[in-house]
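Contents: one structure, followed by commentary.
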Amino acid sequence: MSPSNPPASPEHESAGLGRRLPLVMALACGVGVANVYFPQALTPLIAESLGIAPSAAAGLATLTQLGYAAGILFLVPLGDRLPRRPLITVLLAVAACALLAAGLAPTAAPLIAAGVVVGAATVVPQLLLPMAAGLAAPDRRGSVIGTLQGGLIGGILLARTFGGVLGEHLGWRAPYLVAATLTALLALVLGLALPATTVSVRDRYPVLLVGTVRMVRTEPGLRRSALYQAALFGGFSAAWTALALLITGPRYHLDTQAVGMLALIGAASMFCAPAAGRWVDRHGADRVNACCIITTLAASAVLMLGSTGGAAGLAALTVGLLLLDVALQCSQVANQARIFALRPEARSRLNTAYMTCSFLGGSAGSWLGIRAYGHLGWPGVCACIAAAAALALGALLAGRRRPPHHADSSATPTVTPPMSTPR
């Protein structure tokens, strides 16, 4: 932070979080992230209605997600530079307009263009998370992050069901128009409910972007958190990318609907995330990370039994995927609690760097999962998951062996009065 920048503002003292506001913010996270995922269920309907190839319709969902990734990289850092309440409400308003434009699009080209804007403007959850961390007292930070993360998971899980059911009965435009209405209402609600917060920094936009990259080098706690999550997300992505090949292959002879049913087991993680936040508050992020890594290793062993086929193999896949999903989501809560305690004035940029690394890990896991399945079958995919967990475990143990003056605080927030206090 440059000398001209004002000191970090005591958000949790000046504004306060209360008990109801986290629930409102969790709902906003769920509705916001659903806008990225519900188009995935509409691909066949869009292709048929607009007379385009299914692959071209599938490109809409892909480009919407790429827009989301671009929004994380280029828009979320603004959360440290601009007042968050107006920034969040403006982004929601833009998303609502883009959803409306998509629902009224006459051809594929404007639909895809609107989808990219929807994805970029739907980064609101990644602005709400650091905002909530700043508003919460240090001893409640993990619990609050877990609550918002639970809403985020719920939105991802219910998005495809929302899009598929509504699209099947009312046509593919209906989910876009309903989502536009909900997002506009959400902009109004958050504009009234969110407290005003002061600006953390005065840096110019290019400096914010450069600072985001620099933090990966200068903040050990951020590097550790990013590595843990990138590794576990890589294993998670490897499993889910190869799962459709296993389920629809000669071992099970099921259709892709079975994959969708297995995806619903992730609902359990929606309830585990708030509990993980409370564990972080009581025991520290490192201990929760260790449990998540060990759970991922256990999941890889259980998933290995899925290669046997039959009812027993399907049961093993169900249990293993549940363990994998719970481990990933609880690890997310622990890692974000750690990074948000590092530098109060840079929480949005810390989240940008963290989420970007996580996405890179997930992409690498998808790539490795497909190739492992092609060469070694499902056991090769399980070996990838175990290797990713072993990498995270090695990093965790190395961090614990680090000399005290080099170690970063994972259970205790950085002391930057009056933002945080030791605990």
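The values are calculated or read from the model by the stated rules, or taken from the named source; none is laboratory data. Keep in mind that what you see is a predicted model, and the values were worked out from it rather than measured. Cβ coordinates were reconstructed from backbone atoms using ideal geometry, including for glycine residues, and neighbour counts include every protein chain displayed.
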Near pairs, Cβ below 8 angstrom, 6+ apart or cross-chain, from segment 94-120 (under 23 Å from GLU48 (Cβ atoms)) to any residue that is outside any helix (DSSP H, G or I) and aliphatic (A, V, I, L, M)
ALA108/ILE52; LEU111/ALA105; ALA114/ALA105
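Looking at segment 244-260, is at least one residue of a type in the set (A, V, I, L, M, F, W, C) and within 23 Å of the chain's Cα centre (by Cα)?
Yes, some residue in segment 244-260 is of a type in the set (A, V, I, L, M, F, W, C) and within 23 Å of the chain's Cα centre (by Cα).
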Taking the criterion of being closer than 25 Å to LEU192 by Cβ and touching a Gly at 6+ places or on another chain (Cβ under 6 Å), would at least one residue in segment 111-121 satisfy it?
yes
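Filter segment 167-219 down to the residues that are hydroxyl-bearing (Ser, Thr, Tyr) and under 25 Å from ALA105 (Cβ atoms) and list them by number.
Passing the criteria: TYR176, THR181, THR183.
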I'd like the residue in segment 208-229 that is loosely packed, with under 15 Cβ neighbours inside 10 Å and not basic (Lys, Arg) and, out of all such residues, is farthest from LEU91 (Cα to Cα).
THR218
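Does any residue of segment 224-241 turn out to be assigned to a helix (DSSP H, G or I), over 24 Å from the mean Cα position of the chain (by Cα) and not acidic (Asp, Glu)? Please lay out each step first, then the result.
Residues of segment 224-241 that are assigned to a helix (DSSP H, G or I), as a first pass: 224-241.
In the following step, the residues that additionally are over 24 Å from the mean Cα position of the chain (by Cα) were identified as none.
No, because not a single residue in segment 224-241 is assigned to a helix (DSSP H, G or I), over 24 Å from the mean Cα position of the chain (by Cα) and not acidic (Asp, Glu).
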Please enumerate the residues belonging to segment 61-88 that are over 20 Å from the mean Cα position of the chain (by Cα) and either assigned to a helix (DSSP H, G or I) or within 17 Å of ALA34 (Cα to Cα) (or both).
ARG85, PRO86
Tell me which of these GLY171 doesn't satisfy, since it passes every other one: (1) at pLDDT 90 or above; (2) farther than 19 Å from LEU23 by Cα.
(1)
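This table checks each residue for (1) at positive phi; (2) of a type in the set (Phe, Trp, Tyr); (3) surrounded by fewer than 20 Cβ atoms within 10 Å (Cβ to Cβ).
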{"site": "ALA34", "(1), (2), (3)": "no, no, no"}
{"site": "PRO44", "(1), (2), (3)": "no, no, yes"}
{"site": "ALA56", "(1), (2), (3)": "no, no, yes"}
{"site": "TYR68", "(1), (2), (3)": "no, yes, no"}
{"site": "GLY71", "(1), (2), (3)": "no, no, no"}
{"site": "VAL76", "(1), (2), (3)": "no, no, no"}
{"site": "THR89", "(1), (2), (3)": "no, no, yes"}
Take VAL381 and tell me if it is of a type in the set (A, V, I, L, M, F, W, C) and free of Cβ contacts under 8 Å to residues at least 40 places away in the same chain.
no
All but one of (1) in contact with a helix residue (DSSP H, G or I) (Cβ under 6 Å, 6 or more places away or on another chain); (2) part of a helix (DSSP H, G or I); (3) more than 27 Å from LEU209 (Cα to Cα) hold for ILE52; state the number of the condition that does not hold.
(2)
Only one of (1) in a loop (DSSP other than H, G, I, E, B); (2) more than 18 Å from VAL24 (Cα to Cα) fails for ALA174. Which number is that?
(1)
Please enumerate the residues belonging to segment 175-206 that are without any contact (Cβ under 8 Å) to a residue 24 or more places away in the chain and crowded, with 16+ Cβ neighbours inside 10 Å.
VAL178
For segment 270-282, check the following and say yes or no: at least one residue is more than 21 Å from the chain's Cα centre (by Cα) and in a helix (DSSP H, G or I).
yes
From the list LEU152, LEU186, LEU192, LEU166, which residue is within 30 Å of VAL326 (Cβ to Cβ), part of a helix (DSSP H, G or I) and over 21 Å from the mean Cα position of the chain (by Cα)?
LEU166
